[in-house]
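A.B. asks: Below is a structure I'd like to ask you about.
Every read-out reported here was derived from the displayed coordinates using simple, explicitly stated rules and does not represent laboratory data. Source: prediction; values computed, not measured. A quick note on method: Cβ atoms are made from the backbone with ideal geometry, for glycine too, and the neighbour counts reach across all protein chains shown.
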There are 2 protein chains.
Amino acid sequence: MTISRLATLRKMLRRRKLDAILVTQPDNRFFLSGYTAPDHGIGESSGVLLIPRQGEPFLLTDSRFTLQAQQEACDFQVELYNRGLISLLNKLLPQLAIKRLAFESTYFLHSSFNKLEKCTQKLAIEIVPSTDLIEKSREIKSEEEIAALHLSTQLNEKVFQTIYSQIEPGISELELSLEIETTMRKLGAQRPSFDTIVAFGDNSAKPHAMPTERRLQDGEIVLIDMGLIKDGYCSDMTRTFFMGQPDELYLQRHRVVRKAQLAGIATIRAGAVCRDVDTAARKVIAEAGYKEAFAHSLGHGVGLAVHEEPRLSNRSRKKLRSGMVVTVEPGVYFQGWGGIRLENMVIVRDDGCELVNTDTTHLDL
Amino acid sequence: MTISRLATLRKMLRRRKLDAILVTQPDNRFFLSGYTAPDHGIGESSGVLLIPRQGEPFLLTDSRFTLQAQQEACDFQVELYNRGLISLLNKLLPQLAIKRLAFESTYFLHSSFNKLEKCTQKLAIEIVPSTDLIEKSREIKSEEEIAALHLSTQLNEKVFQTIYSQIEPGISELELSLEIETTMRKLGAQRPSFDTIVAFGDNSAKPHAMPTERRLQDGEIVLIDMGLIKDGYCSDMTRTFFMGQPDELYLQRHRVVRKAQLAGIATIRAGAVCRDVDTAARKVIAEAGYKEAFAHSLGHGVGLAVHEEPRLSNRSRKKLRSGMVVTVEPGVYFQGWGGIRLENMVIVRDDGCELVNTDTTHLDL
């Protein structure tokens with residue numbers, strides 16, 4: 001797998017007249033090497049790939065990770081930078097006769113750039129910021145990756161269905177989110193793909209609510225936004241429902257959101273422009289009089305990262321391509337009342353799109 | 001709390017002739033504002049502080065976080081950047097008559113810097129990279145912060161003691177780490193402060209081992225490195241022991257590590273140089289013939305971040321100061337055999353140091 005990905009990357013390097021690239025972004029690092037160690041924040045890197053246009057690629061890391069690096073990144077030569085990355089690059093770059101070196105501008109600290117610049121200037125190496133060289137090839141998923149996204153979603157839905165019976169008045173947002181995340185891992189997920197959102201009542205008016213001690217009462221909204229990582233691939237799903245008998249206002253608003261979701265999905269196919277998909281869903285919500293209440297984008301790509309390209313945003317002129325996988329998640333939020341968001345994942349195909357989710361709980365009321 | 005921290009920061013701004021600072025680093029953002037939303041990676045910021053030398057400070061965020069920002073950052077004016085941070089800065093900076101603006105170089109992407117540079121050049125604003133302006137004031141903990149670190153550690157030890165009885169042959173590394181992290185949250189932690197390390201047998205030879213399906217057998221090493229976050233503050237503790245009757249080699253190596261830990265702790269006091277503390281512990285391990293087996297630094301600061309300044313490293317000439325809180329965690333690692341690491345946290349005082357930990361399980365064998 002990583003061999004063919006490396007070949008694709010090297011073609012891109014050749015096309016851009018680059019001699020090598022430094023890969024710092026952890027998902028890109030895994031995508032190309034199979035090395036799974038995560039970064040604990042950008043300041044605590046578990047390693048950097050140095051991939052020359054030809055010859056053996058390197059995984060540069062420190063002694064804490066030697067064994068894991070050697071076991072996982074079999075196609076890479078592991079080199080240790082116990083005196084810092086720059087000092088190792090100082091040694092390696094001249095040996096490899098690199099003259100033009102790309103680095104990942106969107107995952108490279110300003111402070112690290114300063115050091116890299118000093119080092120490469122001395123070595124007469126030109127450094128070239130790259131923003132999406134590897135992200136671009138990650139946008140379109142292979143059928144193996146789509147299968148992995150299916151498995152991740154299936155597991156996510158199984159977790160939802162497992163915890164669903166525990167959602168009763170009296171449970172707190174924190175208790176429920178902990179139960180969800182524990183169940184994820186018990187059923188085989190590596191970890192949640194993001195902090196699980198469990199929001200009751202008017203807490204659900206915050207699109208990115210954090211769970212609190214608040215306990216569920218009858219007659220309140222329940223919003224759950226959850227995802228997990230399985231074998232490296234993310235899932236992401238949101239369900240909103242009413243505890244007890246929903247009132248008319250809830251029903252009406254929920255149906256608007258669902259209608260907007262379906263309207264968005266109906267426009268998704270290879271060739272569709274991202275912002276047009278966003279517009280199709282947004283129009284439904286605006287026509288219902290809730291334009292201001294839908295204050296985020298319609299969706300985002302999902303893969304090794306839970307939020308990646310493409311973005312279904314009213315600012316994106318990107319065209320969808322077959323094999324892209326995106327969420328469709330319209331929502332309306334009213335301070336003091338609550339929010340409703342419904343989210344499914346779809347695979348873009350030539351003639352339309354394919355739903356990744358099979359769970360239909362509380363979608364059509 | 002945040003008012004006095006803002007006052008300290010403003011003094012530093014004046015001293016450096018800076019008109020304002022952009023605070024992007026999430027711990028710094030919380031430290032100064034009380035706003036708790038985490039970043040999901042550096043590419044997904046939950047907000048940025050813009051703190052002018054005088055006048056009201058701002059929390060810049062997007063509409064997903066409006067409510068939370070207003071509730072938590074009471075001393076800040078919340079402004080939304082739904083068209084991007086740069087476009088909002090373009091509007092705000094001229095209004096505030098800012099001429100010299102600091103930004104956090106160690107938490108600012110190269111790609112974002114390029115945009116900021118373009119924007120500020122047009123506005124004739126000088127931008128000044130800052131590497132540790134706020135981190136510096138975080139190094140020395142107030143007594144309130146020390147109390148919070150005590151509470152975090154007490155809870156961490158309670159979790160360790162709670163799960164200790166479950167450590168029996170047959171349990172897997174993954175099961176035990178999940179049990180630890182679930183117990184943390186059930187007992188009131190916000191989350192683990194890092195991915196819990198549970199390593200059995202020769203897996204413990206990786207200082208940053210990730211839990212696997214491997215099941216514990218009698219006669220194997222058990223290494224557990226765990227920490228949690230409570231009220232924003234981190235704990236961090238490592239215990240290593242032998243399942244069953246330890247053999248002579250294990251006992252000897254364990255005692256060397258413990259002796260090294262005590263030797264390091266004995267040198268800690270205000271005025272001691274970080275690398276001298278590292279050397280004191282390293283010497284004990286070297287004298288036992290295990291110099292190569294101790295391949296990481298002796299310790300690190302702990303506070304809002306689980307790894308922060310100061311570093312007890314053989315490269316750090318920094319002097320310890322009263323109120324700093326550091327881990328002391330020597331270790332020895334042998335591929336094919338396993339590893340032993342023992343870690344406690346201490347508070348630096350004028351006349352020595354004070355142990356934060358009270359747990360003594362498996363320290364002195």
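A.B. asks: Note down the net charge around residue B:28, summing +1 for each Lys or Arg and -1 for each Asp or Glu among other residues with Cβ under 9 Å from its Cβ.
C.D. replies: -1
A.B. asks: What spacing in nm lies between the two simple spin-label points modelled at residue B:273 and residue A:255, each 7 Å away from Cα in the Cβ direction?
C.D. replies: A separation of 7.7 nm, rounded to one decimal place.
A.B. asks: Kirkwood hydrodynamic radius, computed over distinct alpha-carbon pairs, for the protein assembly as shown: how many Å, to one decimal?
C.D. replies: So the Kirkwood estimate lands at 27.2 Å.
A.B. asks: Ranked highest first by the average count of other Cβ atoms within 10 Å around their residues, in what order do B:338-346, B:206-214, B:272-280 fall?
C.D. replies: Ranked by mean Cβ neighbours within 10 Å, highest first: B:338-346, B:272-280, B:206-214.
A.B. asks: On to the next question. Mind putting a number on the dipole of region A:140-355 about its Cα centre? Charges go on the C-beta only, +1 for Lys and Arg and -1 for Asp and Glu, and I need it in Debye to the nearest 20.
C.D. replies: Details: 27 positive and 30 negative charges, 155 e Å.
It works out to roughly 740 debye.
A.B. asks: Let me ask another. Using Cα centres only, tell me the gap between region A:1-80 and region B:18-49 in whole Å.
C.D. replies: 30
A.B. asks: Enumerate the whole-percent occupancy of each 20 Å bin, from 0 to the last occupied one, for all C-alpha pair distances of chain A.
C.D. replies: Per 20 Å bin, starting at zero, the Cα-Cα P(r) for chain A comes out as 28, 50, 21, 1 percent.
A.B. asks: Counting only other chains, what is the mean number of Cβ atoms within 10 angstrom of the Cβ of each residue in peptide A:107-116?
C.D. replies: On the way: counts 6, 4, 10, 16, 10, 4, 7, 5, 0, 1.
Going residue by residue through A:107-116 and averaging, the value is 6.
A.B. asks: What translational D, rounded to a whole number of µm²/s, comes out for region B:194-280 from Stokes-Einstein when the hydrodynamic radius is the Kirkwood one over Cα pairs, at 20 °C and 1.002 mPa s?
C.D. replies: In µm²/s, the coefficient is 143.
A.B. asks: Hey, what does the equivalent ellipsoid look like for region A:279-365, semi-axes from the Cα gyration tensor as sqrt of 5 times each eigenvalue, largest first, whole Å?
C.D. replies: Semi-axis lengths for region A:279-365 are 23, 16, 12 Å.
A.B. asks: Using a 10 Å cut-off around each Cβ of peptide B:182-189, what is the average number of partner chain Cβ atoms that fall inside?
C.D. replies: Working: counts 6, 0, 1, 6, 4, 0, 1, 0.
Mean number of neighbouring Cβ atoms from other chains: 2.
A.B. asks: Moving to a separate point now. Are there trypsin sites (Lys or Arg not before Pro) in region B:1-97 that DSSP puts in a loop and that have at most 16 other Cβ atoms within 10 Å, and which ones?
C.D. replies: For trypsin sites (Lys or Arg not before Pro) across region B:1-97 that sit outside H, G, I, E and B with at most 16 neighbouring Cβ atoms in 10 Å, the list reads B:16, B:17, B:83.
A.B. asks: If the viscosity is 0.890 mPa s and the temperature 25 °C, what translational diffusion coefficient in µm²/s does Stokes-Einstein give for region A:261-312 when Rh comes from Kirkwood over Cα pairs?
C.D. replies: Approximately 212 µm²/s, per Stokes-Einstein.
A.B. asks: Right, something else. For chain B, take the longest principal axis of its alpha carbons; what is the angle in degrees between that and the long axis of helix B:110-122, to the nearest 10 within 0 to 90?
C.D. replies: So the inclination is approximately 20 degrees.
A.B. asks: Over the C-alpha atoms of region B:140-355, what are the Rg and the largest Cα-to-Cα span, Dmax, in Å?
C.D. replies: Radius of gyration, then largest Cα-Cα span, for region B:140-355: 16.7, 48 Å.
A.B. asks: Follow-up. Report the Cα centroid-to-centroid distance between region B:181-208 and region B:95-165 in angstrom, as an integer.
C.D. replies: Each part's Cα centre sits 25 Å from the other's.
A.B. asks: Given a Förster distance of 35 Å, report the FRET efficiency between residue A:123 and residue B:168 from their Cβ-Cβ distance, rounded to the nearest 0.05.
C.D. replies: Working: r = 56 Å, r/R0 = 1.59.
Efficiency, from the Cβ-Cβ distance: 0.05.
A.B. asks: Once the Cα gyration tensor of region B:1-65 is diagonalised, what are the square roots of 5 times its eigenvalues, in whole Å and ordered largest first, as equivalent ellipsoid semi-axes?
C.D. replies: 22, 12, 10
A.B. asks: Continuing with the same structure: Give me the three principal axis extents of region B:96-141 from the C-alpha atoms, as integers in angstrom, largest value leading.
C.D. replies: The Cα atoms of region B:96-141 stretch 40, 25, 12 Å along their principal axes.
A.B. asks: I'd like the Karplus ³J(HN,Hα) series for region A:89-102: coefficients 6.51, -1.76, 1.60, θ = phi - 60°, whole numbers in Hz, and an x wherever there's a Gly or Pro.
C.D. replies: Going residue by residue, I get 5, 4, 7, 6, 4, x, 4, 8, 6, 8, 10, 10, 10, 8 Hz, with x marking Gly and Pro.
A.B. asks: Another question about this same structure. Which whole number gives the average, over all residues in B:214-224, of C-beta atoms from other chains lying within 10 Å of the residue C-beta? Intermediate results must be reported in sequence, preceding the final value.
C.D. replies: On the way: counts 0, 0, 0, 0, 0, 0, 0, 0, 0, 0, 0.
Partner Cβ neighbours, averaged per residue: 0.
A.B. asks: List the residues whose amide H sits under 5 Å from the amide H of residue B:300, counting only those 5 or more places along or on another chain, with H placed 1.01 Å from N in the peptide plane.
C.D. replies: B:312, B:327
A.B. asks: Right, here's the next one. What FRET efficiency would be calculated for the residue pair residue A:7, residue B:361, taking the C-beta separation as r and a Förster radius of 60 Å, to the nearest 0.05? Walk me through the numbers before you get to the answer.
C.D. replies: Numbers: r = 52 Å, r/R0 = 0.86.
E(calc), rounded to 0.05, equals 0.70.
A.B. asks: Can you give me the angle between helix A:143-164 and the longest principal axis of chain A, using Cα atoms only, in degrees from 0 to 90, rounded to the nearest 10?
C.D. replies: 40
A.B. asks: Here is a further query. Evaluate the charge dipole of the protein assembly as shown about its Cα centre and quote only its size in Debye, nearest 20, assuming +1 on the Cβ of each Lys and Arg and -1 on the Cβ of each Asp and Glu.
C.D. replies: 3460
A.B. asks: Further question on the same structure: Regarding region A:2-138, what is the average projected area of its C-alpha convex hull, in nm²?
C.D. replies: Numbers: hull surface 28.8 nm².
Computing the convex hull of the Cα atoms and averaging its projections yields 7.2 nm².
A.B. asks: Further question on the same structure: Over the alpha-carbon set of region B:96-184, work out the extent along each principal axis and list the three values in angstrom, largest first.
C.D. replies: Sorted from largest, the Cα extents of region B:96-184 read 66, 33, 18 Å.
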